[in-house]
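Trainee: I'd like to ask you about the structure that follows.
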Amino acid sequence: MPQEQIGVAGCNLVKLTVDSVIGDEVCVMFKEDPDYAEQYASVRPINMFAHTGAVNTPHGAVAFIVWQIAAGSPCEVFVETFFNPAASGELISEAARQTHLKLIIINNRTSAVTAFVDYANVFGLDELAAFIEQMDAPASGQDFHLATNHVLTHIDLVSLVRDGAQSG
């Protein structure tokens with residue numbers, strides 16, 4: 001993990017090579033605090049869902065995925081990932097074209113992998129990619145930062161998804 005990522009918790013889509021026969025692929029990397037990262041090693045199965053959408057803000061649109069990791073287990077967690085439509089559309093499209101999507105859970109202090117799951121790619125990323133193509137993206141990285149802060153300040157995406165997941 002790059003030095004600037006040490007200690008940072010959250011989910012990202014990352015391109016890396018897990019299998020040299022397959023080559024580069026997009027994976028979900030969940031960076032978790034050491035106190036919790038080890039717990040996922042004993043969770044079976046690690047069910048994962050992706051709740052996708054987008055929000056318009058005064059600074060431009062923000063796409064998001066709220067990952068529901070270890071759904072139905074005592075370790076269940078909801079983690080939001082934000083995407084700038086101007087910069088992330090191709091990565092999400094690439095992930096959507098894959099037949100499988102890997103989840104890699106790592107200790108965010110040591111970079112040790114604590115869990116690894118290969119899922120059939122049924123996460124609806126193709127719909128998110130198509131939606132992103134039609135969005136008005138923030139004009140700059142600074143605008144995207146302002147747009148993301150607007151969402152974090154005004155909308156509790158995790159609570160909305162959690163409430164929806166529990167009722168449905």
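Trainee: Restricting attention to region 54-81, which residues are small (Gly, Ala, Ser) and at negative phi?
Mentor: Once the filter is applied, which keeps residues that are small (Gly, Ala, Ser) and at negative phi, region 54-81 yields ALA54, ALA61, ALA63, ALA71, SER73.
Trainee: Return the residues of region 15-25 that are of a type in the set (A, V, I, L, M) and either loosely packed, with under 12 Cβ neighbours inside 10 Å or without any contact (Cβ under 8 Å) to a residue 40 or more places away in the chain (or both); say none if nothing qualifies.
Mentor: Correct list: LEU16, VAL21, ILE22.
Trainee: Return a yes/no flag: does region 112-119 have any residue that is open to solvent by 30 Å² or more (accessible area, probe 1.4 Å) and in a loop (DSSP other than H, G, I, E, B).
Mentor: The answer is yes; a qualifying residue exists.
Every residue, every condition in (1) among the aliphatic types (A, V, I, L, M); (2) closer than 18 Å to GLY141 by Cβ; (3) without any contact (Cβ under 8 Å) to a residue 40 or more places away in the chain, yes or no:
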residue: LEU13; (1), (2), (3): yes, yes, no
residue: CYS27; (1), (2), (3): no, no, no
residue: PRO34; (1), (2), (3): no, no, no
residue: ILE46; (1), (2), (3): yes, no, no
residue: VAL66; (1), (2), (3): yes, no, no
residue: VAL79; (1), (2), (3): yes, no, no
residue: GLY89; (1), (2), (3): no, yes, no
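Trainee: Another question about this same structure. Can you name every one of the strands (runs of 3 or more DSSP E) wholly within region 31-106 that holds 2 or more residues which are open to solvent by 40 Å² or more (accessible area, probe 1.4 Å) and either among the polar types (S, T, N, Q) or within 28 Å of ALA147 (Cβ to Cβ) (or both)?
Mentor: 48-57, 77-83
Trainee: I'm trying to understand the selection: among the residues of region 127-151, which are without any contact (Cβ under 8 Å) to a residue 60 or more places away in the chain, of a type outside the set (S, T, N, Q) and open to solvent by less than 90 Å² (accessible area, probe 1.4 Å)?
Mentor: ALA129, ALA130, GLY141
The values are calculated or read from the model by the stated rules, or taken from the named source; none is laboratory data. The structure presented is a predicted model; accordingly, all values stated were derived computationally and were not measured. Quick reminder, even Gly has a Cβ in these numbers, built from the backbone with ideal geometry, and neighbours come from all protein chains shown. These accessible areas exclude ligands, DNA and RNA; they are computed on the full protein's heavy atoms, side chains included. Shrake-Rupley method; radii C 1.70, N 1.55, O 1.52, S 1.80 Å.
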